[in-house]
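Since the structure comes first, as C-alpha cells, the remarks are kept for the end.
The values are calculated or read from the model by the stated rules, or taken from the named source; none is laboratory data. Keep in mind that this is a model prediction, so the values were computed, not measured. Cβ placement follows ideal geometry from the backbone for every residue including glycine, while neighbour counts extend to all protein chains displayed. The area values use the complete protein model at the heavy-atom level, side chains included, leaving out ligands, DNA and RNA. Shrake-Rupley method; radii C 1.70, N 1.55, O 1.52, S 1.80 Å.
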Amino acid sequence: MTAIATAVYAQRRARLAALLGPKGVAIIPTAPEQQRNRDSDFLYRPDSYFYYLTGFSEPQAWLVITGDGKSTLFCQPKDMEREIWDGFRLGPVAAPAQMSVDAAYSVAELDAQLPALLDGRDVVWYPFATHKALETRIDGWLGSLRARVRYGALCPEQQRDLCGVLDEMRLFKDAHEQATMRRAAQISADAHVRAMQTSARMLRAGQPVREYHLDAELLHEFRRHGSQCPAYGSIVAGGANACVLHYRADAGEIRSGELVLIDAGCELDGYASDITRTFPANGKFSAPQRALYELVLASQEAAIAATRAGARFTEPHEATVKVLAQGMLDLGLLDANKVGTLQDVIEKRAYFPFYMHRTGHWLGMDVHDCGSYIEPSEVGSFSERKDPLSGETIKDRPARILQSGMVLTIEPGIYVRPAQGVPEQFHNIGIRIEDDAIVTDAGCELISRGVPVAVDEIEALMRG
Ligand code: GLY
Ligand code: MN
Ligand code: MN
C-alpha cells in the first residue's frame with residue numbers, strides 16, 4: 001500500500017471512531033472465503049465495509065475500532081507452508097507499520113482479545129444482518145466479559161447497527177474513490193468500444209458471432225488494464241434476449257440486423273463501474289431501431305439534466321418517464337384512445353409494460369451501492385398512495401436530496417415484447433443506455449462517456 005493510500009484508510013477510521021462515541025467500539029469482519037466446489041474457492045473478494053476502512057484484501061481478518069481512535073487488526077499469522085501454497089501474508093508483526101493500525105494480532109487470538117477490547121465500552125457497533133453467525137460470536141465475547149464482572153469487568157449495555165453509519169460515509173465518495181471510479185469507468189468504456197467493433201468486424205468477415213465472443217472482448221479489456229474482475233455478471237444479449245432484464249452473457253447468436261445490449265462494468269481496486277450500451281450488431285441502425293434508440297437517449301438526456309446537487313434522487317427517474325411516455329404515445333406503442341393523455345399514462349403507469357425498472361441506483365464499492373434513498377432530515381414524514389397497477393398501499397417518503405460527491409447510474413430503457421396492438425416493427429427490441437455520474441454542484445460529471453451514445457458516433461465507431 002502506498003503511503004497516500006495508508007493515510008486515506010487511517011483518516012476513514014478516524015472519522016468512524018469519532019462517530020462511535022468516546023466509549024463505543026466497532027467490530028468489522030471481512031468476508032469469508034466461498035467454496036465453489038470440492039477444494040476450489042470462488043475468487044476472493046473482501047467485505048466492502050472492511051476494505052473501505054483498511055484497504056486490506058487478505059481473508060480471515062477483523063478490524064476493531066474504539067471511540068478513542070485506536071484500531072486493532074486481526075489477520076492471518078505468518079506461516080511459511082501456507083504461504084507457499086496460498087501466497088504472501090502480511091502477518092500481525094508487520095501490520096502496524098504497514099497499515100498504520102495501533103495493534104495487530106493473529107486471528108487465532110480473537111476469542112482471547114475481544115473480551116478485553118469490549119471491557120469498559122458502552123456501545124458495541126457491528127454490521128447487523130451482514131455476517132452469518134457474527135451475533136453469536138459477539139454474544140460469546142460478551143458472555144466471557146460478563147463472567148468477569150466480579151473482578152471489575154464492565155459490559156457494554158447497547159448493541160447498534162454499524163451499517164447506517166458506514167453507508168452514510170460511503171455514499172459520499174472522496175477524491176481517492178472518485179479517481180478510482182473514473183479509471184474503472186474508462187476501462188469499461190474501452191471494453192464496450194472493443195466489443196462493438198468486434199461484433200461489426202466479425203460479421204463483415206462472415207464469421208459467426210455469439211454472445212460469448214463479445215463477452216471475451218470485455219474480459220480481455222478489463223483484465224489487461226488491471227481490473228480484478230467484472231463488477232457483476234456481464235449481460236451480453238443479442239436480439240430478443242435484450243428484453244430479459246437479468247439475462248447473462250451466454251451462447252446466443254448475434255445476428256446482422258439485430259441489436260446487441262451489453263450491460264457490463266469492471267471492478268477496479270474494490271470499486272464498480274456499470275455501463276450499458278445498445279448497438280446494431282452490424283454497425284447500422286434500422287429505422288425502427290433508431291426511432292426507439294433516439295427516444296431512450298432523449299429520456300437519458302432529460303435524466304442527466306435533472307441530476308444535480310439539490311435535486312431529489314427521484315427527479316431523474318421522473319424526467320425519464322415523462323420523455324419515454326410521450327415517445328410511446330408518439331410511436332404508437334401506446335394508444336392514446338386506450339390509455340389517455342401523457343398525464344394519464346404517467347399516473348396510471350401505463351408505460352410499465354415497456355419500462356419496468358428505475359432510472360438509477362447508487363454506485364460505489366458495490367454495484368448497487370449502499371446509502372439511504374430517503375432524505376435523512378425528513379425520514380419521519382410520509383404519504384400513502386395506492387399503486388395503480390398492483391393496488392398495494394405504498395408509503396412515499398421524501399427522496400434523498402442529491403449532494404456533490406454522490407455517485408449514481410442513469411439508465412433508462414425500453415423493452416418491447418411481442419403483444420397484440422404493439423407495432424410489429426418494434427417487436428423484440430430491447431434498449432438500455434446506462435452511464436455513471438458523479439454529482440457536482442453544477443450538475444453531474446459523466447465518467448463513462450469514453451464509449452459514445454449518439455447514433456452517428458456509434459455507427460462511425462463500428463465502421464472503423
Ligand atoms: N448492471 C446492474 C444494473 O444496471 O443495475
Ligand atoms: Mn445499473
Ligand atoms: Mn448495468
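Summary table
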{"read-out": "Filter result for Gln326 (open to solvent by 50 Å² or more (accessible area, probe 1.4 Å), out of contact with any Gly (no Cβ under 7 Å at 6 or more places or on another chain), more than 21 Å from Arg432 (Cα to Cα) and not in a loop (DSSP other than H, G, I, E, B))", "value": "no"}
{"read-out": "Subset of the range 197-244 that is of a type in the set (Asp, Glu) and in contact with a strand residue (DSSP E or B) (Cβ under 7 Å, 6 or more places away or on another chain) - its residue that is farthest from ligand 2 (Cβ to nearest atom)", "value": "Glu211"}
{"read-out": "Residues within the range 147-177 that are part of a loop (DSSP other than H, G, I, E, B) and among the basic types (Lys, Arg), tallied", "value": "2"}
{"read-out": "Enumeration of residues in the range 447-463 that are touching a strand residue (DSSP E or B) at 6+ places or on another chain (Cβ under 9 Å) and part of a helix (DSSP H, G or I)", "value": "Ile458, Glu459, Leu461, Met462"}
{"read-out": "Looking only at the range 251-269, and only at residues there that are open to solvent by 10 Å² or more (accessible area, probe 1.4 Å) and under 30 Å from Tyr9 (Cα atoms), the one that is farthest from ligand 3 (Cβ to nearest atom)", "value": "Asp269"}
{"read-out": "Condition met for Gln343 (open to solvent by 50 Å² or more (accessible area, probe 1.4 Å), more than 24 Å from His427 (Cα to Cα) and over 26 Å from the mean Cα position of the chain (by Cα))", "value": "yes"}
{"read-out": "Options Glu445, Glu457, Glu424, Glu434: the member that is within 16 Å of ligand 2 (Cβ to nearest atom), modelled with pLDDT of 95 or more and under 30 Å from His192 (Cβ atoms)", "value": "Glu434"}
{"read-out": "Residues of the range 101-121 satisfying the condition of being closer than 15 Å to Gly69 by Cα and open to solvent by 60 Å² or more (accessible area, probe 1.4 Å)", "value": "Asp102"}
{"read-out": "Of residues in the range 220-242 being of a type in the set (A, V, I, L, M, F, W, C) and within 16 Å of ligand 3 (Cβ to nearest atom), the one surrounded by the fewest Cβ atoms within 10 Å (Cβ to Cβ)", "value": "Cys229"}
{"read-out": "Failed item in (1) farther than 19 Å from Cys243 by Cβ; (2) in contact with a helix residue (DSSP H, G or I) (Cβ under 9 Å, 6 or more places away or on another chain); (3) open to solvent by 40 Å² or more (accessible area, probe 1.4 Å), with Ser286 passing the rest", "value": "(1)"}
{"read-out": "Boolean, Val124 is touching a Leu at 6+ places or on another chain (Cβ under 8 Å), part of a loop (DSSP other than H, G, I, E, B) and crowded, with 21+ Cβ neighbours inside 10 Å", "value": "no"}
{"read-out": "Qualifying residue in the range 199-215 (condition: touching a Lys or Arg at 6+ places or on another chain (Cβ under 7 Å), farther than 16 Å from Gly430 by Cβ and at pLDDT 95 or above)", "value": "no"}
{"read-out": "Any hit, the range 402-413, residues being buried (at least 16 other Cβ atoms within 10 Å of the Cβ), of a type outside the set (Phe, Trp, Tyr) and over 24 Å from the mean Cα position of the chain (by Cα)", "value": "no"}
{"read-out": "Positions within the range 347-363 being part of a loop (DSSP other than H, G, I, E, B) and either away from ligand 3 (no atom under 14 Å from the Cβ) or surrounded by fewer than 23 Cβ atoms within 10 Å (Cβ to Cβ) (or both), in sequence order", "value": "Lys348, Arg349, Ala350, Tyr351, Phe352, Pro353, Phe354, Tyr355, Met356, His357, Arg358, His361"}
{"read-out": "Filtered residue count, the range 148-188, keeping only those that are closer than 17 Å to Ile65 by Cα and of a type in the set (Gly, Ala, Ser)", "value": "1"}
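Rundown of residues vs (1) within 16 Å of ligand 2 (Cβ to nearest atom); (2) touching an Asp or Glu at 6+ places or on another chain (Cβ under 9 Å), yes/no style:
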{"residue": "Arg312", "(1), (2)": "no, yes"}
{"residue": "Val321", "(1), (2)": "no, no"}
{"residue": "Asn337", "(1), (2)": "no, no"}
{"residue": "Ile346", "(1), (2)": "no, yes"}
{"residue": "Tyr351", "(1), (2)": "no, no"}
{"residue": "Phe354", "(1), (2)": "no, no"}
{"residue": "Arg358", "(1), (2)": "yes, yes"}
{"residue": "Gly364", "(1), (2)": "yes, yes"}
